[in-house]
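Since the structure comes first, as structure tokens, the remarks are kept for the end.
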Amino acid sequence: MKFLNSEPEPNKASKLSTTPHSLISSSRDIRRLIDEPFLNIHRKIDRYVFDLRKGHYRKVARCREDLTDYAFTQFHQEERLMLHYGYDRKWTQSHISDHLAFWGLLDQLSHSTLNALETLEVVKQWLLHHHDSHDQLFLDALQAQARKNLRTCQSPEVAA
């Protein structure tokens, strides 16, 4: 609703973005790409643990499917982002080998229904540790690179 004395809305299309292209897809967006799926799978594991404690062991197969889907999509995406943004090769390899260790945990889950509850707890702790250490190192490095790019782009010496 427009009022008679209100100023006209500025034309949003006419504003130029002063943000460098590499920062348009900011580290916040990438953080969201990594954090949201982690939080979703973490909640699902909690639900499966609750169901298993009630004796619903048929849900173990569905849990394995969810964890496999998460690992295929999320790990691939993380590795792609690391390569795209030129993350340190040594840390990228460490991250990838950590992802490979996760597949061993999933293998344990698929071979043992009796220890499914304990294995799920280990999977949950593994994901928490991986997210809080390896993923955060990458996100922090990406954020530092974005700040460095921003300082370089706004530096008067570079602009001159």
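The values are calculated or read from the model by the stated rules, or taken from the named source; none is laboratory data. Only a predicted model underlies this, so the values are computations on that prediction, with no experimental measurement involved. Cβ placement follows ideal geometry from the backbone for every residue including glycine, while neighbour counts extend to all protein chains displayed.
Considering only segment 54-80, how many residues are over 13 Å from VAL123 (Cα atoms), part of a helix (DSSP H, G or I) and modelled with pLDDT of 90 or more? The qualifying residues number 12. Search segment 16-38 for residues that are closer than 17 Å to ALA141 by Cβ and pair each with any residue that is modelled with pLDDT under 50 when their beta-carbon atoms are under 8 Å apart and the residues are at least 6 apart or on different chains. Within 8 Å, no pair qualifies. The numbered conditions (1) among the charged types (D, E, K, R); (2) at pLDDT 55 or above; (3) not in a helix (DSSP H, G or I) are all true for ASP46 except (3).
Given the condition outside any loop (DSSP other than H, G, I, E, B), closer than 20 Å to LEU33 by Cβ and within 17 Å of the chain's Cα centre (by Cα), answer yes or no: does some residue in segment 99-109 qualify?
There is at least one residue in segment 99-109 that is outside any loop (DSSP other than H, G, I, E, B), closer than 20 Å to LEU33 by Cβ and within 17 Å of the chain's Cα centre (by Cα).
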